[in-house]
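The values are calculated or read from the model by the stated rules, or taken from the named source; none is laboratory data. These numbers come from a predicted model, not from an experiment. Glycine also receives a Cβ, built like all others from the backbone with ideal geometry; neighbour counts cover every protein chain displayed.
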Amino acid sequence: MTGRTYPDETADSFPKPPISLTDAEGREIRIEESGVADFDRLVEMYDAFDPADRAQGIPPVKEEAVREWLDTLLSEESVNVVAVHDGSPVGHAILVPDSEVAYELAVFVLHDYQSAGIGTKLLEALLGSGQAADVEKVWLTVERWNEPAIALYKKLGFETSNAESFELEMAIRLS
Amino acid sequence: MQAGSFLRPGVASSGMKVLLGMGGSPDGFDALEETLARARDAGDELTVAVLDTSDDHDPDDVESEIRDRVDEAGVETAVTQLPGHPGSQLSQFAEREEFDRIVIGGGQRSPMGKIELGEVAEFVLLNADTTVTLVR
């Protein structure tokens, strides 16, 4: 975790969930705040997650490992939003506190719901929830070849915070 | 010709000459346990190099912890310190001493659970001419 820098300027204000949208495939999607209460629904979502869409070892593949992983992540301190379609989560975005008063961000969208604009809205809603919870600093790592993701993070206000490690690291100042 | 007649090289002497590089972080010790177990089963000739990775771990302390683990495992192992730039020292040592394989830890986990490959792992994977194993 050496040498991470944050933008000097605070990002724009992001919308808070709940947010309703019609995605690019015409599906009605609702973005809601989430947390420990959604544990079982999220286990189901990650069970359906395409292993080819994993990044940096997450989400885990086996259900037992998914449960263990979610058990650590879905604490009172983390900030969670889900995208729901037909009553089931199809996307999940989360801020997890690190040991330095900042939060690590990750976002997951089921394969059939990717490239439909859901990830963007999910991230905006997550950052809105983060602002409401007085989160100041957020960072993430992304694979260097994942240009669409990097472009999206930039559009949201993330800047490269450490270009020297294996993955690209980006950060934003929320408040 | 008898079946298998030329795949029988004196039974057990098939172990590799293995070099484990570690700095003192938990993934390094996990790699040590796995590597010792494999060395015992496969008859590897094992050397452990203590790398100078950060100010967090004193190489002498790490070396003595390694020697304890090695004694517990009862596997004959050479332990040595490699001061200087860890990735480059490890890669060069492996070439100079003609090791078959370099073994390193598989990285730490971020708060999110993402695997973070460290600087040493990246350097060794990209620059060593020796085959590299990352232990998960």
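Residues in the range A:154-168 that are in a helix (DSSP H, G or I) and out of contact with any Leu (no Cβ under 7 Å at 6 or more places or on another chain) were compared, and the one that is nearest to the other protein chains (Cβ to nearest Cβ) is A:154. Taken over the range A:161-170, the criterion of being closer than 12 Å to residue A:7 by Cα and either at pLDDT 95 or above or charged (D, E, K, R) (or both) is satisfied by A:170 alone. Among the numbered conditions (1) crowded, with 17+ Cβ neighbours inside 10 Å; (2) out of contact with any Asp or Glu (no Cβ under 9 Å at 6 or more places or on another chain), the only one that residue B:41 does not meet is (1). Restricting attention to the range B:93-111, does a residue exist that is crowded, with 18+ Cβ neighbours inside 10 Å, more than 13 Å from residue B:20 (Cα to Cα) and free of Cβ contacts under 8 Å to residues at least 12 places away in the same chain? Yes - at least one qualifying residue is present in the range B:93-111. Across the range A:9-32, the qualifying residues are those that are of a type in the set (Asp, Glu) and either within 16 Å of the chain's Cα centre (by Cα) or not in a loop (DSSP other than H, G, I, E, B) (or both), and the one among them that is surrounded by the most Cβ atoms within 10 Å (Cβ to Cβ) is A:32. In the range A:47-87, the residue that is surrounded by the fewest Cβ atoms within 10 Å (Cβ to Cβ) out of those that are touching a Lys or Arg at 6+ places or on another chain (Cβ under 9 Å) and closer than 26 Å to residue A:171 by Cα is A:55.
If you check every pair at least six apart or on different chains, which have Cβ atoms under 6 Å apart with a residue in the range B:11-26 that is over 11 Å from residue B:100 (Cα atoms) first and a residue that is at pLDDT below 95 and among the hydroxyl-bearing types (Ser, Thr, Tyr) second? That search, which allows pairs on different chains as well, returns B:23/B:53. The residue pairs whose first member lies in the range A:117-133 and is among the basic types (Lys, Arg), whose second member is buried (at least 23 other Cβ atoms within 10 Å of the Cβ), and whose beta carbons are closer than 8 Å, counting only pairs six or more residues apart or on different chains, are A:121/A:31; A:121/A:83.
Just one of the numbered conditions (1) under 20 Å from residue A:175 (Cα atoms); (2) touching a residue at least 40 places away in the same chain (Cβ under 8 Å); (3) not aromatic (Phe, Trp, Tyr) is not true of residue A:90: (1).
At pLDDT 95 or above and more than 11 Å from the chain's Cα centre (by Cα): does that describe residue B:48? For residue B:48, the condition - at pLDDT 95 or above and more than 11 Å from the chain's Cα centre (by Cα) - is not met. Identify, from the list A:102, A:151, the residue that is at pLDDT 95 or above, surrounded by fewer than 19 Cβ atoms within 10 Å (Cβ to Cβ) and aliphatic (A, V, I, L, M). Among A:102, A:151, only A:151 is at pLDDT 95 or above, surrounded by fewer than 19 Cβ atoms within 10 Å (Cβ to Cβ) and aliphatic (A, V, I, L, M).
Does at least one position in the range A:96-115 carry a residue that is more than 14 Å from chain B (Cβ to nearest Cβ) and at positive phi? Checking the range A:96-115: at least one residue is more than 14 Å from chain B (Cβ to nearest Cβ) and at positive phi. Take residue A:76 and tell me if it is within 10 Å of chain B (Cβ to nearest Cβ) and of a type in the set (D, E, K, R). Judged against the criteria, residue A:76 is not a match.
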